[in-house]
Amino acid sequence: MAHFITQILLPISLAFIMLGIGLSIKLSDFFRLKHNKTAIAGGFFLQIVALPVLAFLLISLFDIKQEYAVALLLVAACPGGVTSNAITFIFSGAVALSVVLTLLSSIVSPFSIPLIAQWSLGHFISDTARHEFSLMGAVVKLFALSIVPILIGQFARRAVPAWCDRNSDRFRKFSGWWFLLLLLAMTATNHTLLFKVVSDIGWVVIVIAVAAIALGFFGAGLMGLSSVYRLTLAIEVGIQNAGIGMIITGTVLHDQTMTMILIAYGILMQIPIFIFAFLYSRHLNQLGSSSLANSAGV
């Protein structure tokens, strides 16, 4: 059952999620941000370069198992997907920026993730493990499961835009719920291993997740971005797409322990991001209310 889930259902689920991104992306999303190139370039850099570097530095400080280190660095290399878009929407962030960053990272990650996976295997485990890793096979698999569905979605949007407008949100919600059920099934079949992973490095996951949020938030501050963009980049950098990482651990490396680490990360990272987003969005609302009161002479 576990083999069927990771080898068949997981890749299909990822492809459906990426297809949903392709169906929902509009050129207007890019045009709305043409005057905010700093936010796009900065957010992209934080996701693709800065976060993996930060995660590597933190992992190097902790005395954890080799395969745990590989999996944690791998998930740090997987930029947030539709989950980050949904959380940004819930907490009134810059949704257009979130969607554009998701698209850009989805295009680059099929190439960047396998490279980081191969390097981390050699650094944390052995040169033998690095040489045994099929870099081109991983690139081709991720390209087929992410870029191709996005392109299909974009072709569909050009061909039947009205249908896409009516159904893209439903499609994304369906694929999201389906992926959640898949994660529950994987957890049920490997619950003992998952509990062991959480007990071993659950605290490390929380530390990395909090550091990722701080990186996005303070990185946006250093770029001089507004409060809404700081919130958005904190969410974008703080949320990782564990699903795409599981394609590497489950279908390329065939390592259940690494897969459970990614699932644990996908669950535990939600705690600090929701706490931060709730408190910071509430803070922004209070500032907005105070500004309105002051302008009204209250």
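Overview of results
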| item | result |
| --- | --- |
| Area of residue 53 that stays accessible when all protein chains are in place (1.4 Å probe, Å², to 10) | 80 |
| Correct choice for Rg and Dmax of the Cα atoms in Å that was computed from the model, options (i) 19.2, 71; (ii) 22.8, 100; (iii) 19.1, 65 | (i) |
| Nearest-ten-degree value, helix 256-268 long axis tilted from longest Cα axis of the chain | 20 |
| Highest to lowest packing among 258-267, 101-110, 158-167, scored as the average C-beta count within 10 Å | 258-267, 101-110, 158-167 |
| Accessible area of residue 196 in the full protein assembly, 1.4 Å probe (Å², nearest 10) | 90 |
| Helix-only [θ]222 nm of the chain, DSSP H runs n ≥ 4, -39500 (n - 2.57) each, per residue, nearest 500 | -25000 deg cm²/dmol |
| For segment 165-212: rounded, prolate or oblate by the Cα gyration tensor [a/c cutoff 1.5] | oblate |
| Normalised contact order of segment 150-298, rounded percent, pairs of Cα under 8 Å and 6 or more residues apart | 24 |
| Inter-label distance for residue 173 and residue 26, nm, one decimal - labels placed 7 Å from Cα along Cα-to-Cβ | 1.8 |
| Where labels lie 7 Å past Cα in the beta-carbon direction, separation of residue 12 and residue 128 in nm | 3.7 |
| Gyration tensor (Cα) of segment 143-298, equivalent ellipsoid semi-axes in angstrom | 33, 26, 14 |
| Cα→Cβ-extended label distance, 7 Å offset, between residue 214 and residue 165, nm | 4.6 |
| Relative contact order of the chain, defined on C-alpha pairs under 8 angstrom at six or more residues apart (%) | 31 |
| Translational diffusion of segment 59-149, µm² s⁻¹ [Kirkwood Rh, Cα pairs; Stokes-Einstein; 20 °C; 1.002 mPa s] | 147 |
| Virtual paramagnetic centre 7 Å along Cα→Cβ of residue 286, amide N under 18 Å, in segment 206-233 | 227-228, 231 |
| Pairs of lysine residues in the chain - Cα separation under 26 Å, sequence separation of 8 or more or cross-chain | 6 |
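The values are calculated or read from the model by the stated rules, or taken from the named source; none is laboratory data. These figures come from a predicted structure and were not determined experimentally. Don't worry about glycine lacking a Cβ; one is built from the backbone with ideal geometry, like all the others, and counts go over all protein chains shown. We work out accessible area using only protein heavy atoms, side chains counted, and drop any ligands, DNA or RNA first. Shrake-Rupley method; radii C 1.70, N 1.55, O 1.52, S 1.80 Å.
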